[in-house]
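Presented below is the structure to which this report refers.
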Amino acid sequence: MNTLGGDRAAPTPHRNAAGGTVLLVGETLMRRTMTPRLHDLRIGQVHQATSAAAALEFAALAGPCALAVVDLVPPDTEGIRLVRELKSRGWPQVLVVVSPEEPLAVAAAFQAGAQGYLLRPGREVAVPDPVWELSNREIDVLRLVADGRSNKDIGGELGLSARTVDTHLWRIGRRLGSGDRALLVTLALRAGIIT
């Protein structure tokens, strides 16, 4: 394992027959947690970078790896830019690590080219019962909010005015106990009413 960007480098692990190279980018805890699991999967080499800049330096020297796992720590625009850059350089698989409280980060990562995401353990968010009482139209609104769309864009997609979309969101927020768009999407995702 090679660590780039500030942490002391650990010894390089043995290469396994299964091969493959993975780049982990992000905070120390995520990298320390994932590295042994990747070795259990018989990954050949695991490289680590503490920052997007260090990851780009590695990418310039090594070329595309089989997989990059990028930890999106809020507020993280560097991680999204890194995902976009790695995809433009031909990396076949890029995953992101996000908190359950940040569903809009997932949408941004997918728009940048990520193929999937892993959830970082976060505070438990209980799903209130009224989430099951949302109308189909309210669920449609939440689905588009999860895609990072503005009220105007959502209205255009659903044939509503931006003011009507705002009213839907106000009603959803009143039922679910929060006006925070990200939390409303998180609750809907946890309930499985949007995907």
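Looking at this structure, is GLY159 at positive phi and touching a residue at least 12 places away in the same chain (Cβ under 8 Å)? Before the answer, list the steps.
On the way: at positive phi: yes; touching a residue at least 12 places away in the same chain (Cβ under 8 Å): no.
Taking the combined requirement at face value, the residue does not satisfy it.
Take the conditions surrounded by fewer than 16 Cβ atoms within 10 Å (Cβ to Cβ) and either at pLDDT below 85 or closer than 27 Å to ILE194 by Cα (or both) and apply them to LEU118. Does it pass? Talk me through it step by step, then tell me what you get.
Values: surrounded by fewer than 16 Cβ atoms within 10 Å (Cβ to Cβ): yes; either at pLDDT below 85 or closer than 27 Å to ILE194 by Cα (or both): yes.
Here the answer is yes, as LEU118 does meet what is asked.
Can you spot a residue in the stretch 176-190 that is farther than 29 Å from ARG84 by Cβ, out of contact with any helix residue (DSSP H, G or I) (no Cβ under 9 Å at 6 or more places or on another chain) and loosely packed, with under 14 Cβ neighbours inside 10 Å?
no
Would the stretch 171-182 turn up any residue that is hydrophobic (A, V, I, L, M, F, W, C), more than 21 Å from the chain's Cα centre (by Cα), not in a loop (DSSP other than H, G, I, E, B) and not assigned by TED's automatic domain parsing to the domain that holds LYS87?
yes
Run down VAL145, VAL185, VAL98 and say which single residue is assigned by TED's automatic domain parsing to the domain that holds ARG32 and modelled with pLDDT under 95.
Values: VAL145 fails: assigned by TED's automatic domain parsing to the domain that holds ARG32; VAL185 fails: assigned by TED's automatic domain parsing to the domain that holds ARG32.
Being assigned by TED's automatic domain parsing to the domain that holds ARG32 and modelled with pLDDT under 95 holds for just one of VAL145, VAL185, VAL98, which is VAL98.
Quick check on my filter: what residues within the stretch 66-90 are part of a loop (DSSP other than H, G, I, E, B), of a type in the set (A, V, I, L, M, F, W, C) and crowded, with 20+ Cβ neighbours inside 10 Å?
Going through the stretch 66-90, the residues part of a loop (DSSP other than H, G, I, E, B) turn out to be 66, 72-77, 89-90.
From the residues that got through so far, the ones that are of a type in the set (A, V, I, L, M, F, W, C) too are 66, 72-73.
Within the stretch 66-90, LEU72 is the sole residue that qualifies.
The values are calculated or read from the model by the stated rules, or taken from the named source; none is laboratory data. Keep in mind it's a predicted model, so treat the numbers as computed, not measured. Cβ coordinates were reconstructed from backbone atoms using ideal geometry, including for glycine residues, and neighbour counts include every protein chain displayed.
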